[in-house]
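Accompanying notes for the structure given below.
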Number of protein chains: 2
Amino acid sequence: MKNLRLKLARMEKDMSQTELAKRVGVTRQTIGMVESGDYNPTLNLCIQICKELGKTLNDLFWEEDDNEMV
Amino acid sequence: MKNLRLKLARMEKDMSQTELAKRVGVTRQTIGMVESGDYNPTLNLCIQICKELGKTLNDLFWEEDDNEMV
DNA sequence: AACGGATGTCAAGTATATTTTACATAACAT
DNA sequence: ATGTTATGTAAAATATACTTGACATCCGTT
């Protein structure tokens, strides 16, 4: 399950995966994997991404409904 | 920096670290380290903890600090 | 006193997040 | 046709999250 909210938030900031990665301090592959889903990033990475995109953890990483698939 | 919100939410549920750990599927040491702070858990672990305690990611893991909305 | 449950911590092992390097395609210019 | 930017993906290496097992203290109970 792709993280479309993250991808959208990044695009709204006119930021490439490479640029977001640089700001966050990881590689672009890592950002790509987070957006692609099927991935379990660390909390600090999520927080850094949120801060760069002006969003909160709930905005980008909290599933409100009962979409399981952990 | 200790995660006091997590500790409080757990205690409000009358749950020991051991019991929360069992429900979440990790060891009690891991829960202890998350509560002690200075630790970087994975997103899935945070989500599982939130679900067991009836909280959201922002409730337990988002620092509102100086980033107030514009 | 002795017990049992809850928590803190530490060292060594295992699992996995993240990096590095590399090659691939598509879109859009020049 | 050539070059550049953006993205997807995949192997192997490294860093670190998480486990295992142990020993510690504190606190309430018997």
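One table, with the values for the structure above:
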| read-out | value |
| --- | --- |
| Residue check for B:Val26: closer than 30 Å to A:Glu35 by Cα and either loosely packed, with under 14 Cβ neighbours inside 10 Å or away from DNA strand C (no atom under 11 Å from the Cβ) (or both) | yes |
| Residue among A:Leu20, A:Leu53, A:Leu45 that alone is more than 16 Å from DNA strand C (Cβ to nearest atom), touching a residue at least 12 places away in the same chain (Cβ under 8 Å) and touching a helix residue (DSSP H, G or I) at 6+ places or on another chain (Cβ under 8 Å) | A:Leu53 |
| Unmet requirement for A:Thr27, which otherwise passes all of (1) over 25 Å from B:Gly54 (Cβ atoms); (2) hydroxyl-bearing (Ser, Thr, Tyr); (3) under 12 Å from the mean Cα position of the chain (by Cα) | (3) |
| Which numbered condition A:Glu12 fails, given (1) more than 14 Å from chain B (Cβ to nearest Cβ); (2) within 14 Å of DNA strand C (Cβ to nearest atom) | (2) |
| Given (1) more than 15 Å from B:Trp62 (Cα to Cα); (2) of a type outside the set (A, V, I, L, M, F, W, C); (3) assigned to a helix (DSSP H, G or I), number of the condition A:Tyr39 does not satisfy | (3) |
| Failed item, numbered, when A:Leu57 is tested on (1) within 10 Å of chain B (Cβ to nearest Cβ); (2) within 13 Å of DNA strand D (Cβ to nearest atom) | (2) |
| B:Leu6 vs. criteria in contact (Cβ under 8 Å) with a residue 40 or more places away in the chain and either near DNA strand C (Cβ under 9 Å from one of its atoms) or away from chain A (no Cβ under 11 Å) (or both) | yes |
| Hits in the range B:1-34 (condition: part of a loop (DSSP other than H, G, I, E, B) and among the acidic types (Asp, Glu)) | B:Asp14 |
| Among the candidates B:Met33, B:Met15, residue that is surrounded by 14 or more Cβ atoms within 10 Å (Cβ to Cβ), more than 15 Å from DNA strand D (Cβ to nearest atom) and among the aliphatic types (A, V, I, L, M) | B:Met15 |
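No value in this document is a laboratory result; all are computed from the given coordinates. Remember, predicted model here, so these are calculated numbers, not experimental data. Here Cβ is always computed from backbone atoms with ideal geometry, including for glycine, and neighbour counts include all displayed protein chains.
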